[in-house]
């Protein structure tokens with residue numbers, strides 16, 4: 001294990017040496033062949049963080065679903081939670097990632113359920129928008145055909161479909 005840390009320390013020292021000598025010999029202190037000094041500092045900072053965390057610079061973590069490669073295990077785990085197709089076990093619906101599946105699964109619970117028609121929604125915002133359906137209030141009206149709408153998006157869709165020349 002000691003040799004492993006020594007190897008990392010040597011790589012880190014070599015990177016630092018290259019960076020320092022590159023800019024010591026540069027005519028423009030802010031850039032070297034179009035590479036901005038801040039980019040080099042960011043790279044050096046990442047190398048220091050990797051070294052401090054005990055990460056081997058050449059170590060790669062691959063996503064088991066799409067083979068995307070990551071230098072940090074946390075990055076791989078974050079990606080895998082959102083990668084690939086996820087299926088709802090309750091209804092069989094397919095989603096492009098786990099996050100969308102988790103939002104969908106709320107429709108099977110009692111959290112965002114309309115008390116009038118008992119329909120469930122993935123988000124509280126969707127439920128609040130749906131509640132307007134049960135009111136007689138129609139705040140949006142077509143000036144041409146006088147049709148009324150509960151939601152602005154429905155009025156806009158109507159205008160695009162029925163009166164496209166005015167949109």
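Okay, here's what the table says:
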{"quantity": "Three-way shape label, segment 83-127, alpha-carbon gyration tensor, a/c 1.5", "calculated": "prolate"}
{"quantity": "Net lengthening on full extension, residue 103/residue 45 (0.36 nm per residue, minus Cα-Cα)", "calculated": "17.2 nm"}
{"quantity": "Three-way shape call for segment 75-167 based on the alpha-carbon gyration tensor, with the a/c threshold at 1.5", "calculated": "oblate"}
{"quantity": "Gained length - residue 94 relative to residue 144, 0.36 nm times residue gap less alpha-carbon distance", "calculated": "13.9 nm"}
{"quantity": "FRET efficiency, 1/(1 + (r/R0)^6) with R0 35 Å, evaluated for residue 151 and residue 67 via beta carbons", "calculated": "0.25"}
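Bear in mind these aren't lab numbers, they're just calculated from the coordinates by the rules spelled out. As the structure is a prediction and not an experimental result, all values here were calculated from the model. Methodologically, a virtual Cβ is constructed for each residue, glycine included, from the backbone with ideal geometry; neighbour enumeration extends over all protein chains shown.
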